[in-house]
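Visitor: Before we start, here is the structure in question, set down as structure tokens.
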Amino acid sequence: MLKMNNLCKSFRTELVETHALRNFTFSVDEGDFVSVTGPSGSGKTTFLNIAGLLENHTSGSYLLDGIDVKTLSDKQRSQLRNEKIGFIFQSFNLIPDLNLFDNVDVPLRYRGLSRAERHQRIEESLARVGLANRMKHLPSQLSGGQQQRVAIARALAGKPRFLLADEPTGNLDSQMAKSVMGLLQEINQQGTTIVMVTHDPELAMQTSRNVFVRDGQISEAETIMPLAAASNQ
Amino acid sequence: MSNLEFGPIMRALLRNKVGAILIALQIAVTMTIIVNAVFIIVERKAMMERESGLDEANTFYLTTTGFGKDFESKRVTIEDLALIRNTPGVIDAIQVNAIPMSGSGWSMGLATQPGEEIESVGTANYMVDDHALNTYDAELLAGENFSPEDIRFRERNQSDWPDLAIITQALAKSLFPELGIDEVVGKTIYIGDNEAMIIKGIIDKLQAPWVGWNNLDHVTLTPEMMAFPSMRYLIRTEPGMRDKLMTSLEETLANQYPNRIIRNVETITATRDKSYRQHSAMINILTATMILLTLITALGIIGLASFNVNRRRKQIGTRRALGASKQAIIRYFMVENLIISSFGLILGVGLTIGLNFMLIEWFAVKALDWYYIPTGVVLLFVVGQLAAFGPAFRAAQISPALATRTI
Amino acid sequence: MFTYYLNLAVKSIRRNMGLSSLMVLAIALGIGACMTTVTVNYMMSSNPIPHKSDQLFYVQLDNWGPHFPFNDENEPPNQVTWRDANNLMQHRQFKQVAMGTSGAVIESDNRELKPFMAGIRLTYTNFFSMFEPPFLYGGPWPSDADDNMEQVVVLSKKTNQQVFEGENSVGRSLTIGGNRFRVVGVLDDYEPIPRFYDVSTGAFQSPEDVFMPLTLKRPLELSSGGNNNCWKDPDGEGFEGYLMSECINYQFWVELNDIAEQKQYLSFLNAYVEEQKTLGRFPRPLNNRISAIMEWMEIQEVVADDAQIMMWLASLFLLVCLLNTVGLLLSKYATRTSDIALRRAIGATKQAIFSQYITESALIGILGGILGLALALAGIEAVKSMYGDFISEHVGMDLTIVGIAIVLSIVSSVLAGCYPAWKACSVPPATQLRNQ
């Protein structure tokens, strides 16, 4: 599904060159639920940005679903993001001016789906996160947990094979965090590959695989956690 | 195209009405001003382009004023004209009471029947001799020119008229709407209620002295010279000779007799500029207003769009992350501008027509031709789109990675 | 506290130089355009003789022909005939003045000076007491000079400069149109705007070079200037026939102190016309009128349509500039929500925030107003150069106009700043701290 080999990412300013990722080699298989942990500044977000095609890497190779993304144009990358990847952000990133329906509609519009298809998917995915009856509400009228559910619905509506979650529970209290996590696990069990970046080891324990990033490199200490620990939630 | 996003953009706009309303209002008022201003400009331009009939580039005139009890105006006029006409470079010259477009002159009423109860047609009167047609560069369409025997002298305070006249084609049409110009020749007309004159000839074109008069093309030439102490000479020169002759003739004439002054030596071109100055000034001022206004509105659109882009950086990054291409982001802002412009222009059409009605009501402005409205609409759509493109393009450069930043 | 807000405003304006200059420029252009056109209109509609404008009345009599009115609206003719001017002047119980124009060549006794053409105002001595032009030397001619047709003149300052090199010329003589005249007075600078006493040939010309008794017109056969309008040809021949015709060429004014006098004068006019009707003149129904100066200026449409159109368009222009400013201020203040929220959180009241932001708006307005005044000055020069003598060369900004401009710019920018400042002060204190 996702294969990074010897990947490097460096930022250059006039004075210094910073290496955010160094010889980063990592792969995710279809159906995995991988958590990426590490202290802040370790390169987690850079990894996420590159994995999600939000940024390009400097060297090395990255194959997403067998496609070498390095050679793609901006338009092709956008299309790939739209079709294969679903994003869940720490601060939800809902568009405040749009109601829930229109928010979930955003990626579908860029897909160029028909009106009927879009309607069906929006209703389906909002129903799936339990917010079918709030379609006309604005994000500001919802609680944080509900907002993150909308963000998940938005990610799901595009039927992505690969879900990227960036601290999905970072802005939520523990009760809400738990329910969001449960939702992610459910989605994973239905076949969607998930990579979740988090600094919370407890959350990482609930995924099928955890990698640790430090100083822009994968730490060898990979821990495989039994999936069963969380699945009975 | 479903990804034009009209619906969501509209709904998002409704959440941020004020900025959009401000821009829409600006566009509406800008359209109102521009369309009405352009209309006035076009009207004035057409007015200024009307031809005087003269060989304008090569004609000038001057005033000679004799003073003292023993000034013999008849002798001086005859000698002056002989001198001027024999000057190399002069095509022809006449003594005349008034100059086309100059703003001062004589006018009378003409009628096809005698009697003061008959409504008359206004005409400007030029008192000229048989050299007039050549000096005026006028073409005789029917009838004949005056002959030297036709010319009389009009004394100071003499109020009767000669019995012959040459009139312009436009005046002939107004007097005898149903006759062809050949038939008009030989007809009798009555000047000042009951004095008969016979039309001897018809010329193509000559303008009256008053550019704002609605009978501008109504001119009557009568065969007479004036024995007045103050009179004008109109002089037509060969191409390129005008300016040289203006100086040399002024000097020659001034030296000819001690008891007179030569003044107001002026070209027809200068006279035209002076008479239409008000209109050319209006055109210049309106043009400047339009340009500045368009600029201000465009800058306003750029300013507000930039602000919107800045305010929505995170949102734009998110959209990019969710799969929007750069073009899709540009399109978003362009469509947004299109929607705002549409509202502004709908209001603008109403305001434009409203202002036009007010200008008609209060001032002598005509009703707008219909095609000014769609032209104005299209123009402002284009201005709006051009102004919105810059900020839209910058919005498209926002990195999708912004979506994951939590500041 | 105010200096603190001012300080913050200056800093904020400096921080966003581009946006700030755009706003200042927009206000300046709007104010500049508005003030230019307002000045032109203000000048055109200015009261040339404010302390007497309620007492001076222009007189109109309808001596026009039986078949057609003077104009489509059936207004009485805008001037009077020689006969009526003279007849009315016989009635000394009213303070009246008749006048007309002429032109003649002036020859100085000094042979070095070239003869030149001068514009002449023919009038009565009442002209000077009614319209009060300032005298440099001497004074008006005595009223018996009118009756006795004495060849006396009052010169303009410029003419006195030309002929007598600016010396006190009272008592000296000069030749005008071949006749000898004695100088009784020299005017000081006199430039009424508009030149209200005679607007028949344009309202913004300078007064004439020479003033002399109107009664001299007949004996000296002085030529007629100005607008000459007849509804029928003169019955008689020659100069005399023309004088006695129904042609209108003279302006007529009367000074009346109150409504009672106005009524009295109108009934006097009506009685006069009735009397003339018995002589076979005045074939039209009674249609006499007196109009106070400003009313007369309005009837004569002294303020050109174009000037008014431009003023309307300029006001709309200012409106666009203000909308623009509101939009830009809104944008600018919106980027400062966190700053505001912080200030609110540490105890700034709503009023304090509002004051801070309205100060910034006003500062932008004042800067725009000052620049706008400069633009208006340039604009007036441009208008003058484009129009030439269509509007007077004496147009300029006086204190009233400068005051209007400053008030207009501050008021409009504070108005424009109100909504954005209100928006700014309604930012809640807490929420913005956590997120964003």
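The values are calculated or read from the model by the stated rules, or taken from the named source; none is laboratory data. Remember, it's a predicted structure, so these values are computed and weren't measured experimentally. Every residue, glycine as well, gets a Cβ built from its backbone with ideal geometry; the counts of neighbours run over all protein chains shown. Each accessible area value is taken on the protein alone, full model and side chains, heavy atoms only, with ligands, DNA and RNA left out. Shrake-Rupley method; radii C 1.70, N 1.55, O 1.52, S 1.80 Å.
Visitor: Between residue B:56 and residue A:202, how many nm apart are label points set 7 Å from Cα along the C-beta direction?
Guide: 9.1
Visitor: Output the 0 to 90 degree angle, nearest 10, between the alpha-carbon long axis of helix A:115-128 and the longest principal axis computed from the alpha carbons of chain A.
Guide: The helix A:115-128 is inclined about 80 degrees to chain A.
Visitor: Out of C:368, C:292, C:314, whose Cα points farthest toward the positive end of the dipole of the stretch C:259-388 (charges: +1 Lys, Arg; -1 Asp, Glu; placed on Cβ)?
Guide: Projecting each Cα onto the dipole axis, the largest value belongs to C:368.
Visitor: Of the beta bridges DSSP finds with both residues in the stretch C:131-271, what % are antiparallel, to the nearest 5?
Guide: For the stretch C:131-271, the DSSP antiparallel bridge percentage is about 70.
Visitor: Additional query: Report the charge-dipole magnitude of the protein assembly as shown in Debye, nearest 20, computed about the Cα centre from +1 at each Lys and Arg Cβ and -1 at each Asp and Glu Cβ.
Guide: Details: 94 positive and 110 negative charges, 1688 e Å.
Roughly 8100 debye for the protein assembly as shown.
Visitor: Continuing with the same structure: Compute the long axis of helix B:73-85 from its Cα atoms, compare it with the longest principal axis of the Cα atoms of chain B, and write down the angle in degrees, 0 to 90, nearest 10.
Guide: Value to nearest ten degrees: 60.
Visitor: Taking the Cβ-Cβ separation of residue C:114 and residue B:85 as r and a Förster radius of 30 Å, what is the calculated FRET efficiency to the nearest 0.05? Mind showing how you got there, number by number?
Guide: Numbers: r = 27 Å, r/R0 = 0.92.
Efficiency computed from Cβ-Cβ geometry: 0.65.
Visitor: Please list, by residue number, everything in the stretch B:72-99 whose backbone N is under 18 Å from a paramagnetic label point 7 Å out along Cα→Cβ of residue C:221.
Guide: Those under the cut-off are B:72-77.
Visitor: How much accessible area per residue does chain A have, in Å², with a 1.4 Å probe?
Guide: In whole numbers, chain A has 43 Å² accessible per residue.
Visitor: Would you kindly calculate the mean projected area, averaged across all directions, of the convex hull enclosing the Cα atoms of the stretch C:50-299, in square nanometres? Numbers along the way, then the final one.
Guide: Working: hull surface 54.2 nm².
Average of the hull's projected areas for the stretch C:50-299 equals 13.6 nm².
Visitor: Under a no-solvent Debye model with one identical scatterer per Cα of the protein assembly as shown, what's log10 I(q)/I(0) at q = 0.04, 0.07, 0.08 Å⁻¹?
Guide: Relative scattering, expressed as log10 I(q)/I(0), comes to -0.38, -0.79, -0.90.
Visitor: Still on this structure: Can you work out the FRET efficiency for the pair residue A:5 and residue B:342, with r the C-beta to C-beta distance and R0 = 51 Å, to the nearest 0.05?
Guide: According to the calculation, E is roughly 0.50.
Visitor: Mean separation of Cα pairs under 8 Å and 6+ residues apart, divided by the residue count of the stretch C:50-299: what relative contact order is that in percent?
Guide: 32
Visitor: Next question. Over the stretch B:72-256, what is the relative contact order in percent, taking alpha-carbon pairs closer than 8 angstrom and at least six residues apart?
Guide: Numbers: 390 pairs, mean separation 61.7, N = 185.
For the stretch B:72-256, the relative contact order is 33 percent.
Visitor: Once you sort the root eigenvalues of the Cα gyration tensor of the stretch C:145-263 as a ≥ b ≥ c, which label holds: rounded (a/c under 1.5), prolate (a/b larger than b/c) or oblate (the other case)? Walk me through the intermediate numbers first.
Guide: Numbers: a/c = 1.78, a/b = 1.25, b/c = 1.43.
Verdict is oblate for the stretch C:145-263.
Visitor: Hey, another quick one. Return the value, in Å² to the nearest 100, of accessible area buried between chains B and C (probe 1.4 Å, both sides summed).
Guide: Approximately 4500 Å², summed over both chains.
Visitor: Now for a different question. Among B:190, A:88, C:177, which residue has its Cα positioned farthest towards the positive end of the charge dipole of the protein assembly as shown, with +1 placed on the Cβ of Lys and Arg, -1 on the Cβ of Asp and Glu, and the dipole taken about the Cα centre?
Guide: A:88
Visitor: Oh, and also: Considering only protein heavy atoms and a 1.4 Å probe, what is the carbon-and-sulfur percentage of the accessible area of the protein assembly as shown?
Guide: Details: 24660 of 45010 Å².
About 55 percent, which is the carbon plus sulfur part of the accessible surface.
Visitor: Moving on. Rounding to the nearest 20 debye, state how big the charge dipole of chain B is about its Cα centre with +1 on each Lys and Arg Cβ and -1 on each Asp and Glu Cβ.
Guide: That gives chain B a dipole magnitude of about 4580 debye.
Visitor: Report Rg (one decimal) and Dmax (nearest whole number) for the stretch C:26-112, counting Cα atoms only, units Å.
Guide: In Å, with Rg to one decimal and Dmax whole: 21.6, 61.
Visitor: Could you check how many percent of all C-alpha pairs in the stretch B:72-256 are farther apart than 23 Å?
Guide: 42
Visitor: Next up: In the stretch A:15-78, if the dipole is taken from +1 on Lys/Arg beta carbons and -1 on Asp/Glu beta carbons about the Cα centre, which of A:63, A:18, A:31 is farthest to the positive end?
Guide: Checking the options against the dipole of the stretch A:15-78, the answer is A:18.
Visitor: A further question on this structure: Counting only Cα, what are the radius of gyration and maximum Cα-Cα distance Dmax of the stretch B:179-327, in Å?
Guide: Here Rg and the maximum Cα pair distance are 31.8, 96 Å.
Visitor: Per 10 Å bin, what percent of the C-alpha pairs of the stretch A:32-126 does each bin hold, from zero upward?
Guide: Spelled out per bin, shortest first, that is 13, 38, 34, 15, 1.
Visitor: Distance between the C-alpha centers of the stretch A:98-125 and the stretch B:276-327? Whole Å please.
Guide: Answer, in whole Å: 32.
Visitor: Using protein chains only and a probe of 1.4 angstrom, how many square angstrom of residue C:242 are accessible, to the nearest 10?
Guide: Accessible area of residue C:242: about 50 Å².
Visitor: Between the stretch C:91-110 and the stretch A:140-190, how many Å separate their Cα centres?
Guide: Computed from Cα coordinates, the inter-centre distance equals 99 Å.
Visitor: Considering chain C, which cysteines have no disulfide-compatible partner, defined as another cysteine with its Cβ under 4.7 Å away?
Guide: For chain C, the answer is C:34, C:321, C:418, C:425, because their Cβ atoms have no other cysteine Cβ under 4.7 Å.
Visitor: Could you work out [θ]222 nm for chain C from helices alone, using -39500 (n - 2.57) per DSSP H run of at least four and dividing by all its residues? Round to the nearest 500 deg cm²/dmol.
Guide: -16000 deg cm²/dmol
Visitor: Give the calculated FRET efficiency between residue C:47 and residue C:232 to the nearest 0.05, with a Förster radius of 41 Å applied to their Cβ-Cβ distance. Could the numbers behind the result be given before it?
Guide: Working: r = 38 Å, r/R0 = 0.92.
Efficiency for this residue pair is about 0.60.
Visitor: Based on the inverse mean of 1/r over its pairs of different Cα atoms, what is the Kirkwood hydrodynamic radius of chain A, in Å?
Guide: Computed over Cα pairs of chain A, the Kirkwood hydrodynamic radius comes out at 18.2 Å.
Visitor: Can I ask one more? Scale the Cα Rg of the stretch B:309-407 by the rule-of-thumb value 2.2 N^0.38 Å and send over the ratio, two decimals.
Guide: 1.56
Visitor: Given points 7 Å out from each Cα along the Cα-Cβ axis, report the residue B:130 to residue C:335 separation in nanometres with one decimal.
Guide: In this crude spin-label approximation the distance works out to 8.4 nm.
Visitor: Right, another one. How much accessible surface area, in Å² rounded to 10, belongs to the heavy atoms of residue B:32 with a 1.4 Å probe?
Guide: 10
Visitor: Relative contact order of chain A: what whole-number percent is it, with Cα pairs under 8 angstrom and at least 6 residues apart?
Guide: Taking the mean separation of contacting Cα pairs over the length of chain A, I get 29 percent.
Visitor: Then there's this: Using the Kyte-Doolittle scale, which helices in chain C average at least -1.0 and also have C-alpha atoms spread 20 Å or more along the helix axis, with helices defined as whole DSSP H runs? Working shown, then result.
Guide: Details: long enough: C:17-44 (39 Å, 1.59); C:259-278 (29 Å, -0.68); C:305-334 (43 Å, 1.29); C:350-387 (52 Å, 1.05); C:399-425 (37 Å, 1.73).
In chain C, the long hydrophobic H runs are C:17-44, C:259-278, C:305-334, C:350-387, C:399-425.
Visitor: Another question, if that's okay. Normalise the Debye intensity by I(0) for chain C, one equal point scatterer per Cα, no solvent, then take log10 at q = 0.07, 0.08, 0.09 Å⁻¹ and round to two decimals.
Guide: -0.52, -0.62, -0.71
Visitor: Still on this model: Round to the nearest 10 and report in Å² the accessible area of residue B:51, as given by a 1.4 Å probe over the protein chains' heavy atoms.
Guide: That residue has around 120 Å² of solvent-accessible surface.
Visitor: Could you work out the Rg to Rh ratio of the stretch C:1-43, with Rh taken as the Kirkwood radius (inverse of the mean 1/r over all Cα pairs)?
Guide: 1.23
Visitor: Rounding to the nearest 20 debye, state how big the charge dipole of the stretch C:50-299 is about its Cα centre with +1 on each Lys and Arg Cβ and -1 on each Asp and Glu Cβ.
Guide: 300
Visitor: Something else: For the stretch B:318-362, list whatever residues lose no less than 40 Å² of accessible surface once every protein chain is in place, relative to that chain by itself, with the probe at 1.4 Å.
Guide: B:318, B:319, B:320, B:321, B:322, B:323
Visitor: Right, something else. For chain B, how big is the tail of P(r) above 31 Å, as a whole percent of Cα pairs? Mind dumping the intermediate values first?
Guide: Working: 47307 of 82621 pairs.
In whole percent, the long-distance tail amounts to 57.
Visitor: Against the longest principal axis of chain B, how steep is helix B:372-396, in degrees 0 to 90 to the nearest 10, with axes from Cα atoms?
Guide: 40
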